[in-house]
Amino acid sequence: MLTYTYDQQIIDIQEKVNEPDVEFHIQIVGDPQLGEKLKQIQYVFEHDSVLTDVLFYTYPNQKYQIIVRQDFYDDFILALMKHKLLQRVEWT
């Protein structure tokens, strides 16, 4: 299982298991440029060969709902880390 940490002064991440998926509610509370990083992650998942791996919903005020299939959870977390939205990721 992956665990992660993030800077709560710039981003808020709420995660909820909603079998068979994991639902994320993310709000950018700091630098608005972080929203661009989420859009880059969205682009990657929308242009891969699996249409239902990660679904992005964008709301006003830098809020995002992201539904991740369980088998793509690790890929999504690592994408957040790659784009520096997370501070630390580790296996537990």
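Listed values, structure above:
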read-out	value
Total residues in region 39-92, condition on the phi > 0 side of the Ramachandran plot and in contact (Cβ under 8 Å) with a residue 40 or more places away in the chain	1
Only one of V68, V22, V89, V54 that is modelled with pLDDT of 95 or more, β-branched (V, I, T) and more than 11 Å from the chain's Cα centre (by Cα)	V89
Selection count where residues are farther than 17 Å from D74 by Cα and either over 13 Å from the mean Cα position of the chain (by Cα) or open to solvent by less than 50 Å² (accessible area, probe 1.4 Å) (or both), scope region 27-47	9
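The values are calculated or read from the model by the stated rules, or taken from the named source; none is laboratory data. Please read all numbers here as calculations on a predicted model, not as lab measurements. Neighbour counts are summed over all protein chains in view; Cβ atoms, including those assigned to glycine, are modelled from backbone coordinates with ideal geometry. Note: accessible area is taken over every heavy atom of the protein model, side chains too, but ligands, DNA and RNA are not part of it. Shrake-Rupley method; radii C 1.70, N 1.55, O 1.52, S 1.80 Å.
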